[in-house]
1. Out of the residues in the stretch 112-137 that are closer than 22 Å to residue 48 by Cβ and exposed (fewer than 14 other Cβ atoms within 10 Å of the Cβ), state the one that is nearest to the ligand (Cβ to nearest atom).
2. Among the residues of the stretch 40-60, count how many are out of contact with any His (no Cβ under 8 Å at 6 or more places or on another chain) and crowded, with 17+ Cβ neighbours inside 10 Å.
3. Determine if the stretch 61-69 includes at least one residue that is in contact with an Asp or Glu (Cβ under 9 Å, 6 or more places away or on another chain), surrounded by 14 or more Cβ atoms within 10 Å (Cβ to Cβ) and among the basic types (Lys, Arg).
4. Output the number of the condition that residue 93 fails; it satisfies all remaining conditions of (1) open to solvent by less than 70 Å² (accessible area, probe 1.4 Å); (2) more than 8 Å from the ligand (Cβ to nearest atom); (3) out of contact with any Leu (no Cβ under 8 Å at 6 or more places or on another chain).
5. Check off (1) touching a residue at least 40 places away in the same chain (Cβ under 8 Å); (2) among the polar types (S, T, N, Q); (3) within 11 Å of the ligand (Cβ to nearest atom); (4) in a helix (DSSP H, G or I) for residue 37 and give me the number that stays unchecked.
6. Just the residues that are at negative phi and either open to solvent by 30 Å² or more (accessible area, probe 1.4 Å) or in contact (Cβ under 8 Å) with a residue 60 or more places away in the chain (or both), please, taken from the stretch 70-84.
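The values are calculated or read from the model by the stated rules, or taken from the named source; none is laboratory data. Just so we're clear, the structure is a prediction, and the values are computed from it rather than from any experiment. We place every Cβ from the backbone using ideal geometry, glycine too, and count neighbours over all the protein chains shown. We work out accessible area using only protein heavy atoms, side chains counted, and drop any ligands, DNA or RNA first. Shrake-Rupley method; radii C 1.70, N 1.55, O 1.52, S 1.80 Å.
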Amino acid sequence: MRWLTVLVLTLITACSQTPTPSLYQQLGGDAGISAITDGLLYEIEHDNRIVHHFADTDIERFRRLLAEQLCEISGGPCTYTGGSMAESHTGFNITLADYDALVGHLIKVMQQQHISISAQNQLLALLAPMYKDISYR
Ligand code: HEM
């Protein structure tokens, strides 16, 4: 009889465990990442501290590549097809203040999209090491 109890308890435990969603899923998948990217572009466009960096940028291409990158690094079904962070940002003289401004916008947009704090922090942790390639030296 005891083995039956153990079996039933094991099955109940197994069934109640839902798999942890990937960061990509926590960001809302394709639609969520599109909304985050659009929100970020809106904030950049309205921020006089940093918008000048994008004066000569093909915004549609930038939008597509940023969404691709966010999708790929969060474990989504995408392949980033843009340039390396170092080559893409060389010559723009991006400062720590510029970087902080953009990251601040990203956090605001994720808040607006009701992304959990845990997912926000996971994404920020993946982006943080890129700072050394993006900022000017
Ligand atoms: C978390 C930090 C950042 C990420 C993940 C990121 C990501 C990207 C990506 C994916 C691209 C497209 C690459 C390509 O053209 O092949 C790009 C381009 C660009 N980024 Fe960033 N970026 C970041 C921070 C910044 C900051 C702080 C600025 C300035 C305020 C900036 C300014 C630009 C500009 C101006 C371009 C377009 C370059 C061009 O027109 O060729 N980025 N970035």
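1. Ranking the qualifying residues of the stretch 112-137, first place goes to 136.
2. So in the stretch 40-60, the residues out of contact with any His (no Cβ under 8 Å at 6 or more places or on another chain) come out as 41-42, 45-46, 48-60.
With the extra rule that they be crowded, with 17+ Cβ neighbours inside 10 Å, the set shrinks to 41, 50.
Looking only at that region, the number is 2.
3. Keep residues of the stretch 61-69 that are in contact with an Asp or Glu (Cβ under 9 Å, 6 or more places away or on another chain), which gives 63, 67.
Cutting the leftovers down to surrounded by 14 or more Cβ atoms within 10 Å (Cβ to Cβ) gives us 63, 67.
With among the basic types (Lys, Arg) added as a condition, the list becomes 63.
Yes, the conditions are met somewhere in the stretch 61-69.
4. (1)
5. Condition (1) is where residue 37 drops out.
6. First pass over the stretch 70-84, keeping only residues at negative phi: 70-74, 76-84.
Selection gives 72, 73, 77, 78, 79, 80, 81, 84.
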